[in-house]
Amino acid sequence: MYLYGVKPEDAKERISLLTKELNHHNRLYYVEANPQITDQAFDALLKELEQLEAAFPQFASDNSPSKRVGGDITKRFQTVTHEYPMLSLSNTYSEEELVEWIERIEKTGLDAIEIVAELKYDGVAIGLRYEEGQLVRAVTRGDGEQGEDITMNVRTIKTVPLVLSGDYPEKFEIRGEVFMPIDAFNRLNEDRESSGDERFANPRNTAAGTLKLQDSSVVATRGLDTFLYGVYGHNLPFESHADAVRAAGTWGFKTPDESQRYLQVCTSVNEVMAFIHYWEEQRHFLPFEIDGIVLKINAYDHQRKLGFTAKSPRWATAFKFKAKQVVTPLLSVDFQVGRTGALTPVANLLPVQLGGTTVKRASLHNADQMEKLDLHAGDHVFVEKGGEIIPKIVGVDLSKRNQEATRISFLANCPECHATLVRREGEAQHFCPNDKACPPQVIGRIQHFVSRKAMNIDGLGEETVQQLYEAGLVKNVADLYALTHEGLISLERMADKSAENLLTGLQKSREMPFDRVLFALGIRFVGETVAKKLTEAFGSLDQLQQASLEALLEVHEIGERIAHSVLEFFKDEDQQAIVHALVQAGLRFESEAKVLVSNVLEGKVLVVSGVFEQVSREQIKELITSNGGKNASSVSSKTDYLIAGEGMGPSKLKKATDLGVQLMNENDFLTLIGYGK
């Protein structure tokens with residue numbers, strides 16, 4: 001498909017129209033929770049915009065809705081000085097100290113004091129600068145005086161408006177919190193577990209780490225969210241904090257909702273304490289983590305009169321919730337074997353209420369954690385959920401320990417197949433090495449293969465997979481495509497209709513794209529994002545299987561651990577046989593052809609190396625394919641051009657020189673394809 005014949009003036013007008021429409025629908029969906037078009041219709045509009053921007057990059061804005069998917073790469077984050085210092089708040093865990101803070105303010109003689117009570121979101125402080133309604137810069141708190149410019153990552157957050165609407169100031173900064181919703185955190189951990197990675201500890205740390213990732217396309221997949229509530233600028237038309245927050249909501253920001261009691265203007269100590277007590281109990285039912293309540297004097301005039309200490313404002317403070325903790329007897333410890341063979345110890349507890357839920361089990365993570373806790377049979381253990389989604393054991397009540405109780409030790413053998421466990425160098429977990437015959441590993445790989453984010457096969461739930469395995473009908477993922485109606489209806493509780501649905505689901509799965517198939521194979525450390533990067537870099541199963549360690553390492557974000565895992569997988573004869581059977585079954589092992597802007601690079605093989613100024617390395621690769629060329633990961637005799645950026649490796653340069661490969665810098669390449677014209 002080519003975009004030949006489209007006039008620049010028509011493209012410019014259409015890009016402008018699509019940008020406004022997509023920004024409008026994005027706000028309706030993510031900020032107002034009031035979608036008015038289907039996801040399919042939204043995606044179609046976005047795809048049209050992306051195609052037009054690729055063909056006419058001179059009309060693409062830095063704040064285009066297409067930036068939401070990320071793609072920029074950085075080696076470093078630039079340090080930026082805050083125009084208005086981002087001071088931290090004083091805090092307390094004591095209600096008495098909080099009352100004293102309010103009484104001190106009342107004694108200053110200020111009239112009609114109002115206190116705004118807000119949720120204290122457990123995330124990362126951020127400052128966003130807007131000029132003429134456009135997002136200009138996003139900066140972290142840093143040390144309060146200086147922070148890091150993470151604009152490219154923040155642009156991917158759906159609740160951050162790239163372009164404002166309404167009656168907004170010409171220049172201002174708005175501050176708030178970036179956080180990871182609990183559902184997004186759980187999904188991410190499920191993905192990591194399915195890829196053989198360790199789970200992240202809590203949403204707050206995960207949000208902070210995500211914002212500092214070098215690849216914004218990965219940030220875009222993490223589901224970060226925001227609440228924005230502090231407006232700063234010269235000659236702003238507001239007399240109070242609450243008024244500014246309400247106004248910011250009309251400009252397109254996601255602000256604390258007063259109707260949901262995320263924010264309340266209080267006129268007495270009793271109202272403040274009622275707000276605190278309400279959220280101390282109700283916080284466990286929120287879709288995000290909070291760790292306290294922030295209190296601010298509402299009137300800006302009052303704030304100015306109260307002023308600041310060296311470290312924090314006198315007109316604001318935070319009340320922090322204490323971590324909920326209970327004591328309950330330890331009944332036993334189970335050892336679970338996962339799909340990758342990782343062994344996870346799980347404590348079974350006498351059921352106890354904690355943070356609005358009944359806790360029966362708590363992960364013990366690994367052998368080191370068990371060693372640290374020194375658990376004995378019958379121990380009474382301290383359990384808490386402070387900063388954690390999953391309950392954790394934080395200690396033992398030694399005063400209640402039976403001195404004759406036996407110590408609970410980590411296993412030496414797999415509880416399922418009795419193979420001797422191994423612990424790889426540099427890893428915290430023990431593994432069962434019997435990946436070919438250990439039942440939980442075999443069943444787990446099949447369950448992963450059919451899961452929603454992998455092949456998404458209707459009619460094949462976890463129980464059905466186990467049933468097929470135990471009946472001897474399926475021993476690996478390739479066996480799924482040999483299932484017959486007769487074989488299926490021989491199973492208990494499998495009726496004709498269920499068997500038909502399952503076979504239909506298998507047939508539909510043959511249409512899944514290459515990256516989903518690669519993810520479904522369950523290669524250790526190859527999650528959804530890594531699978532996409534590998535399929536984009538190599539394009540087909542044949543190219544991926546033939547890739548060298550060097551070629552794999554050339555793919556951005558692919559380190560040695562992932563590269564070695566991929567090589568080991570495709571060297572394994574059993575895995576080769578399974579993959580071959582899947583190819584014969586008709587699964588897709590080749591990426592779809594890209595939409596072409598031109599054919600100026602048709603038949604040319606290009607290698608991209610280094611860091612670039614005008615566009616990112618990933619964008620250059622996109623431009624290569626959209627102009628008919630082919631990306632390669634390493635220089636060879638088949639390479640036509642090496643596009644050299646800053647910091648390119650000397651060995652690659654030497655090899656290109658020795659082979660007579662033509663070198664191009666960034667400007668040469670962009671000129672060749674007519675970028676910006």
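Rundown of residues vs (1) modelled with pLDDT of 95 or more; (2) in contact with an Asp or Glu (Cβ under 8 Å, 6 or more places away or on another chain); (3) closer than 20 Å to Pro85 by Cβ, yes/no style:
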{"residue": "Val116", "(1), (2), (3)": "yes, no, no"}
{"residue": "Tyr121", "(1), (2), (3)": "yes, yes, no"}
{"residue": "Arg137", "(1), (2), (3)": "yes, yes, yes"}
{"residue": "Gly144", "(1), (2), (3)": "no, no, yes"}
{"residue": "Val160", "(1), (2), (3)": "yes, no, no"}
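Among the β-branched types (Val, Ile, Thr), closer than 30 Å to Met648 by Cβ and either at pLDDT 90 or above or under 24 Å from the mean Cα position of the chain (by Cα) (or both): does that describe Thr504? It is false that Thr504 is among the β-branched types (Val, Ile, Thr), closer than 30 Å to Met648 by Cβ and either at pLDDT 90 or above or under 24 Å from the mean Cα position of the chain (by Cα) (or both). If a residue must be surrounded by fewer than 18 Cβ atoms within 10 Å (Cβ to Cβ) and in contact with a strand residue (DSSP E or B) (Cβ under 8 Å, 6 or more places away or on another chain), how many such residues does region 529-555 contain? Summing the residues that are surrounded by fewer than 18 Cβ atoms within 10 Å (Cβ to Cβ) and in contact with a strand residue (DSSP E or B) (Cβ under 8 Å, 6 or more places away or on another chain) in region 529-555 gives 1.
Going by the conditions given, is Gly166 assigned by TED's automatic domain parsing to the domain that holds Tyr232, at pLDDT below 95 and exposed (fewer than 15 other Cβ atoms within 10 Å of the Cβ)?
Working: assigned by TED's automatic domain parsing to the domain that holds Tyr232: yes; at pLDDT below 95: yes; exposed (fewer than 15 other Cβ atoms within 10 Å of the Cβ): yes.
Yes, satisfied.
The condition of being more than 22 Å from Asp122 (Cβ to Cβ), touching a residue at least 40 places away in the same chain (Cβ under 8 Å) and in a helix (DSSP H, G or I) holds for only one of Ala242, Ala248, that being Ala242. Of the numbered criteria (1) out of contact with any Lys or Arg (no Cβ under 8 Å at 6 or more places or on another chain); (2) buried (at least 16 other Cβ atoms within 10 Å of the Cβ); (3) among the polar types (S, T, N, Q), the one Thr504 fails is (2). Whenever a residue of region 102-129 is assigned to a helix (DSSP H, G or I), its partners that are among the basic types (Lys, Arg) and surrounded by 17 or more Cβ atoms within 10 Å (Cβ to Cβ), lying with C-beta atoms within less than 9 angstrom and at least six residues away or across chains, give the pairs Arg104/Arg314; Ile105/Arg314.
Could you tell me whether Gly71 is assigned to a loop (DSSP other than H, G, I, E, B), touching an Asp or Glu at 6+ places or on another chain (Cβ under 8 Å) and at pLDDT below 85? Here the answer is yes, as Gly71 does meet what is asked. When you scan region 89-110, how many residues do you find that are among the aliphatic types (A, V, I, L, M) and under 39 Å from the mean Cα position of the chain (by Cα)? Here the count works out to 2. The set of residues from region 350-376 being assigned to a loop (DSSP other than H, G, I, E, B), surrounded by 14 or more Cβ atoms within 10 Å (Cβ to Cβ) and at pLDDT 95 or above comprises just one member, Leu375. Of Thr226, Thr221, all but one fail to be β-branched (Val, Ile, Thr) and modelled with pLDDT of 95 or more; the exception is Thr226. Looking across region 356-384, the residues that are touching a helix residue (DSSP H, G or I) at 6+ places or on another chain (Cβ under 9 Å) and either in contact (Cβ under 8 Å) with a residue 60 or more places away in the chain or within 30 Å of Leu286 (Cα to Cα) (or both) come down to Gly356, Thr357, Ser363, Leu364, His380, Val381. Of everything listed in (1) of a type in the set (Val, Ile, Thr); (2) more than 30 Å from Leu518 (Cα to Cα); (3) assigned to a helix (DSSP H, G or I), the single unmet condition for Val265 is (3). Here Leu87 fulfils each of the conditions (1) part of a strand (DSSP E or B); (2) crowded, with 17+ Cβ neighbours inside 10 Å apart from (1).
Pairing each residue of region 162-188 that is acidic (Asp, Glu) with any residue that is at pLDDT below 95 and surrounded by 20 or more Cβ atoms within 10 Å (Cβ to Cβ), provided the two are 6+ apart or on different chains, yields C-beta distances under 6 Å for Glu177/Gly123. Ala347 fails exactly one of the following numbered conditions: (1) within 30 Å of the chain's Cα centre (by Cα); (2) closer than 25 Å to Glu462 by Cβ; (3) surrounded by fewer than 18 Cβ atoms within 10 Å (Cβ to Cβ). What is the number of that condition? Condition not satisfied by Ala347: (3). When Asp291, Asp334 are checked against the criterion of being surrounded by 14 or more Cβ atoms within 10 Å (Cβ to Cβ), of a type in the set (Asp, Glu) and in a strand (DSSP E or B), a single residue qualifies: Asp291. Annotation: Ile578 fulfils all but one of (1) outside the structural domain of Leu552 (by TED's automatic domain parsing); (2) aliphatic (A, V, I, L, M); (3) surrounded by 14 or more Cβ atoms within 10 Å (Cβ to Cβ); the unmet one is (1). Of the residues Leu670, Leu642, the single one that is buried (at least 20 other Cβ atoms within 10 Å of the Cβ), at pLDDT 85 or above, under 20 Å from Ala547 (Cα atoms) and not β-branched (Val, Ile, Thr) is Leu642. In region 188-204, the qualifying residues are those that are closer than 27 Å to His430 by Cα and at pLDDT 90 or above, and the one that is surrounded by the fewest Cβ atoms within 10 Å (Cβ to Cβ) is Leu188. Checking each residue in region 309-331 for being assigned to a strand (DSSP E or B), in contact with a strand residue (DSSP E or B) (Cβ under 6 Å, 6 or more places away or on another chain) and either more than 27 Å from Leu286 (Cα to Cα) or not aromatic (Phe, Trp, Tyr) (or both) picks out Ala316, Thr317, Ala318, Lys320, Gln325, Val326, Val327, Thr328, Pro329, Leu330, Leu331.
Considering only residues that are touching a residue at least 40 places away in the same chain (Cβ under 8 Å) and out of contact with any Phe, Trp or Tyr (no Cβ under 7 Å at 6 or more places or on another chain), look in region 319-331 and name the one that is surrounded by the most Cβ atoms within 10 Å (Cβ to Cβ).
Looking only at region 319-331, we keep the residues that are touching a residue at least 40 places away in the same chain (Cβ under 8 Å), and these are 319-330.
Okay, now just the ones that are also out of contact with any Phe, Trp or Tyr (no Cβ under 7 Å at 6 or more places or on another chain), so 319, 321, 323-324, 326, 328-330.
Details: Phe319: 25, Phe321: 16, Ala323: 13, Lys324: 17, Val326: 16, Thr328: 21, Pro329: 14, Leu330: 22.
Checked region 319-331; the qualifying residue surrounded by the most Cβ atoms within 10 Å (Cβ to Cβ) is Phe319.
Every residue, every condition in (1) closer than 26 Å to Ala310 by Cβ; (2) outside the structural domain of Leu228 (by TED's automatic domain parsing); (3) among the small types (Gly, Ala, Ser); (4) out of contact with any Cys (no Cβ under 7 Å at 6 or more places or on another chain), yes or no:
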| site | (1), (2), (3), (4) |
| --- | --- |
| Gln78 | no, yes, no, yes |
| Trp101 | yes, no, no, yes |
| Ile113 | yes, no, no, yes |
| Ala117 | yes, no, yes, no |
| Gln134 | no, no, no, yes |
| Arg141 | yes, no, no, yes |
| Glu145 | yes, no, no, yes |
| Glu148 | yes, no, no, yes |
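Screening Glu32 against (1) under 14 Å from Gly252 (Cα atoms); (2) in a loop (DSSP other than H, G, I, E, B); (3) in contact with a helix residue (DSSP H, G or I) (Cβ under 9 Å, 6 or more places away or on another chain) leaves a single unmet condition, (3).
Among the candidates Thr156, Thr79, single out the residue that is of a type in the set (Ser, Thr, Tyr), buried (at least 19 other Cβ atoms within 10 Å of the Cβ) and under 28 Å from the mean Cα position of the chain (by Cα).
Details: Thr79 fails: buried (at least 19 other Cβ atoms within 10 Å of the Cβ).
Answer to the selection: Thr156.
The values are calculated or read from the model by the stated rules, or taken from the named source; none is laboratory data. Keep in mind the model is a prediction, meaning the values are calculated, not measured. In this analysis, Cβ positions are derived from the backbone assuming ideal geometry, glycine residues included, and neighbour counts consider all displayed protein chains.
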